[in-house]
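Asks: Mind having a look at this structure? Questions to follow.
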Amino acid sequence: MITVLKFGGTSVGSTEALKRVANIIIAEKDDKVAVVSAMSGITNFLVSALEDKNVDLEDVFFKFEERHMNVAKELFDEEHLALFTKEFNERLDEFKTLVADKENWSDPFFKDNVSSQGERFSSLMLAHLISSMGHKSVALTAETAGVYAVGNPLSGSCDLKKTSIGMGMNVKPILENDIIPIITGFYGINEDGKPLTFGRGGSDYAASAIGNALDADVIEIWTDVDGFMSADPRLVPDAVVIEEMNYSEAGELAYFGAKVLHPRTIEPARMKHIPVKIKNSYRPENPGTLIHNFRKKRDELLKSVAMKADLSIITIRSGEIAYRPKLMAKAMEKIGEVDTVYGLSTSLSTMAFLVHNNDVPLALSGLRGIDFEDLEGIDIKSGVTLICAVGDDLLDRNGFSGEVFGAIKDIGANIEMISEGASDVSLNFVVPTESAADVIKVLHSRFISGGQ
Ligand code: ADP
Ligand code: ASP
Ligand code: MG
């Protein structure tokens, strides 16, 4: 049996948190592989340093070192601190060399490299902590473990086949020797050997991909809440933990904004039927959420609601576009350049796409290149948010969408776009961003917590 345990930023963000995590790992009876994020705040700190035109690099490295070493000094005795500091300094020198060479700054993967540095140091610290507690452990980076990635800067996908070979060569022998590998999350190595990150929050996805590649028996995502909840608890204080979900429910919610899981976490696990558990590293005794293929049907209407902000609707207009499938196909082809299309909706004379605000210029330049003379215009509506409501067999429930839209009308919010029917577990629609929080709250109070 192999268990992959992933720990997020807050779970490795302080002396106390790291000690708790080390105990969780040690207590696990199966063969175990840990995957870690950077200490909380570190990735944001590195990303803002990259974005600051007047960045003071000396100050950045000073603060980076100080944050890690302050924790290390509390964790280790003198002898172990010396061992840790030696390796820490070697890594820090490599990081400094990378940044010192101005030529590197123009490399398209430079931001990936810098923003993924935090993971190299948190993994080192955790492996040393576990060793100092008398259990053999080794820190591996994506490079030394063999986690491979493909794709564009800052939005890589894991190459599962190559990663599986990497795991077989580098990680399985370590497990066979009863050593606990602690692997960096967040990034893999592209075909040129450069770090390529999986998007913000990507350590969940890295853990799922590593679980897939190792044929793990379970993937545990350890975070700072008790499990997958009926809504973001920061927005809805009476949100409740969901004990059990299936892959589609969790996948849709993560994709459409539930931050507890990176949007792509579910697929590598689902491909091999590996259960995913969400657990609280502050309260390991709590059962958490189990995500797998099978789940008993429940009577509840809705299970969970999530939202994805910063989106825009791009609508192309043409009289009777529905009778011009070639124009529709052309529009689809042009929109194909953007990273993600979050929704699609058509009418007799319009075709609308929902894309991230950052993708609007690219989408527009493609669509404006369409030379169909009957294309009458393109409209853009920014400042919209997608709401995703997930529950059992939503499509089979008579009048359910009517009830949902009725509740939204009651709070005076407008529905800008609807996409229902593609998935039988979710109902997705778009509202103006200023109404989104209220929409989530009203859906939760009427259909999940039950009050009116
Ligand atoms: P980590 O650093 O462990 O990856 P994240 O901050 O990325 O943690 O994700 C956990 C956070 O996700 C929670 O603290 C919570 O605020 C937020 N969240 C949003 N939606 C949900 C949800 N449906 N269930 C649980 N947590 C959610
Ligand atoms: N450290 C990375 C981030 O903050 C990856 C992660 O935490 O999952 O985005
Ligand atoms: Mg996260």
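The values are calculated or read from the model by the stated rules, or taken from the named source; none is laboratory data. Fair warning: this is a prediction, and the values are worked out from it, not measured in the lab. All Cβ positions, even for glycine, are placed from backbone atoms using ideal geometry, and neighbour counts span all protein chains on display.
To keep it simple, each residue is scored yes or no on (1) more than 20 Å from Asn280 (Cβ to Cβ); (2) within 16 Å of ligand 2 (Cβ to nearest atom); (3) at pLDDT 95 or above.
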residue	(1), (2), (3)
Gly201	no, yes, yes
Leu214	yes, no, yes
Glu220	no, yes, yes
Thr223	no, yes, yes
Asp226	no, no, yes
Ala231	no, no, yes
Leu235	no, no, yes
Ala239	no, no, yes
Ile242	no, no, yes
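Asks: Which members of segment 190-213 meet the condition of being buried (at least 23 other Cβ atoms within 10 Å of the Cβ) and more than 13 Å from ligand 1 (Cβ to nearest atom)?
Replies: Pro195, Leu196, Thr197, Ala209, Ile210, Gly211, Asn212, Ala213
Asks: Kindly establish whether Asn286 is more than 16 Å from ligand 3 (Cβ to nearest atom), outside the structural domain of Asp392 (by TED's automatic domain parsing) and not hydrophobic (A, V, I, L, M, F, W, C).
Replies: Yes: the conditions hold for Asn286.
Asks: Which of the numbered conditions does Val33 fail, given that it passes all the others? Conditions: (1) more than 16 Å from ligand 3 (Cβ to nearest atom); (2) assigned to a strand (DSSP E or B); (3) touching a Phe, Trp or Tyr at 6+ places or on another chain (Cβ under 9 Å); (4) among the hydrophobic types (A, V, I, L, M, F, W, C).
Replies: Of the numbered conditions (1) more than 16 Å from ligand 3 (Cβ to nearest atom); (2) assigned to a strand (DSSP E or B); (3) touching a Phe, Trp or Tyr at 6+ places or on another chain (Cβ under 9 Å); (4) among the hydrophobic types (A, V, I, L, M, F, W, C), the odd one out for Val33 is (3).
Asks: If you don't mind, there's one more thing I want to ask. For segment 269-345, which fully contained strands (runs of 3 or more DSSP E) count at least 1 residues that are within 30 Å of Glu434 (Cβ to Cβ) and charged (D, E, K, R)?
Replies: So the answer is 304-317.
Asks: Considering each of Leu311, Leu253, Leu261 in turn, give the residue that is in the same structural domain as Ile418 (by TED's automatic domain parsing) and surrounded by 22 or more Cβ atoms within 10 Å (Cβ to Cβ).
Replies: Leu311
Asks: Moving on. Going through segment 405-438 one residue at a time, which ones are more than 22 Å from Ala352 (Cα to Cα) and assigned to a loop (DSSP other than H, G, I, E, B)?
Replies: Of everything in segment 405-438, those that are more than 22 Å from Ala352 (Cα to Cα) and assigned to a loop (DSSP other than H, G, I, E, B) turn out to be Ile411, Gly412, Val425.
Asks: Give the number of residues within segment 92-114 that are under 26 Å from the mean Cα position of the chain (by Cα) and surrounded by 15 or more Cβ atoms within 10 Å (Cβ to Cβ).
Replies: So the answer is 8.
Asks: Looking at Val21, is it more than 15 Å from ligand 1 (Cβ to nearest atom) and either in contact (Cβ under 8 Å) with a residue 12 or more places away in the chain or assigned to a helix (DSSP H, G or I) (or both)?
Replies: No, not satisfied.
Asks: Anything in segment 19-55 that is more than 20 Å from Gly199 (Cα to Cα) and within 15 Å of ligand 2 (Cβ to nearest atom)? List them, or say none.
Replies: Val21
Asks: Scan segment 214-225 residue by residue and report those that are surrounded by 21 or more Cβ atoms within 10 Å (Cβ to Cβ) and more than 16 Å from ligand 1 (Cβ to nearest atom).
Replies: Residues satisfying the conditions are Leu214, Ala216.
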